[in-house]
Amino acid sequence: DSIIPLAEETGLIVDIGNWVFKQSITQLAKWRATHSPDLQLSINTSPVQYQHDEHEVSKWYELMDKLKLPYDCLVIEITESIMLDFNSKVNDKLEAFRNGGVQLALDDFGTGYSSLSYLKDLNSHYLKIDQSFVKNMVESDESKALCLEIIKFAQIFTMKISAEGIETQSQARLLSEGGCDFGQG
């Protein structure tokens, strides 16, 4: 809870993010070669990364090319807060990912600056329901209704839906019945 905000404040998050990408994508190449050629990797990114010139999409693609990985094996997770400082630099980097075939996931949806216009403007492939909604969905009609409505919104925008923090079979069943495509937990 304290390291990431400090890294974002100092700009060190860019170096951390680039290191995480390099380590993760290298491991993914090994797993695809030894286990399954269809494995896909999701990497959380910070909105701050997109503001810095050191976060170069082309460098990420160069490493993927070197490892002979298709671009669609990567999903970049972003949070809604990226829209607070949305500008041409941020948009260009997101577009470079989209245009190359990297998929985008809107992470922790509903916890920050939720807006239906963000769903349209970000043009992401996945929407991830935050665990704070999933946590009480069996006991709380309000939480259940919110999860099901978020699924409906995502479906309108033809996004795949993933729910975070699934801890029980009842949660998994309700989400699946509601149209949720994937779950984490």
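Working only within region 134-171, note down all residues that are of a type in the set (Ser, Thr, Tyr), in a helix (DSSP H, G or I) and within 22 Å of the chain's Cα centre (by Cα).
Going residue by residue through region 134-171, those that are of a type in the set (Ser, Thr, Tyr) are 140, 143, 158, 162, 168, 170.
Remaining after also requiring in a helix (DSSP H, G or I): 143, 170.
Across region 134-171, the qualifying residue is only 143.
Would you pick out the residues in region 95-107 that are open to solvent by less than 20 Å² (accessible area, probe 1.4 Å) and in contact with a Ser or Thr (Cβ under 9 Å, 6 or more places away or on another chain)? Spell out the reasoning first.
Restricting attention to region 95-107, the residues satisfying the condition of being open to solvent by less than 20 Å² (accessible area, probe 1.4 Å) are 97, 102, 104-107.
Scanning region 95-107 gives 104, 105, 106, 107.
Those residues that are more than 16 Å from residue 76 (Cβ to Cβ) and buried (at least 20 other Cβ atoms within 10 Å of the Cβ), I need them from region 120-150; list them, please.
Matches in region 120-150: 129, 130, 133, 134, 137, 147, 150.
Need a quick list: helices (runs of 4 or more DSSP H) entirely within region 1-86 having at least 2 residues that are in contact with a Leu (Cβ under 7 Å, 6 or more places away or on another chain) and surrounded by fewer than 15 Cβ atoms within 10 Å (Cβ to Cβ). If you could, list the steps in order and put the result at the bottom.
Values: elements: 3-10, 12-34, 57-66.
It comes to 12-34.
Would you check which residues across region 65-116 are modelled with pLDDT of 90 or more, under 13 Å from the mean Cα position of the chain (by Cα) and among the aromatic types (Phe, Trp, Tyr) and list them?
97
Given (1) of a type outside the set (Lys, Arg); (2) touching a strand residue (DSSP E or B) at 6+ places or on another chain (Cβ under 6 Å); (3) at pLDDT 95 or above, where does residue 31 come up short, assuming only one miss?
With (1) of a type outside the set (Lys, Arg); (2) touching a strand residue (DSSP E or B) at 6+ places or on another chain (Cβ under 6 Å); (3) at pLDDT 95 or above applied to residue 31, the lone miss is (2).
State the number of residues belonging to region 169-183 that are at pLDDT 95 or above and either small (Gly, Ala, Ser) or open to solvent by less than 80 Å² (accessible area, probe 1.4 Å) (or both).
Matching residues across region 169-183 total 10.
The values are calculated or read from the model by the stated rules, or taken from the named source; none is laboratory data. Note that the structure is a prediction, hence the values are computed from the model and not measured. As a convention, Cβ positions derive from the backbone with ideal geometry for all residues, glycine included, and neighbour counts pool all protein chains shown. Ligands, DNA and RNA are stripped out before the accessible areas are found, and what is left, the full protein with its side chains, is counted by its heavy atoms. Shrake-Rupley method; radii C 1.70, N 1.55, O 1.52, S 1.80 Å.
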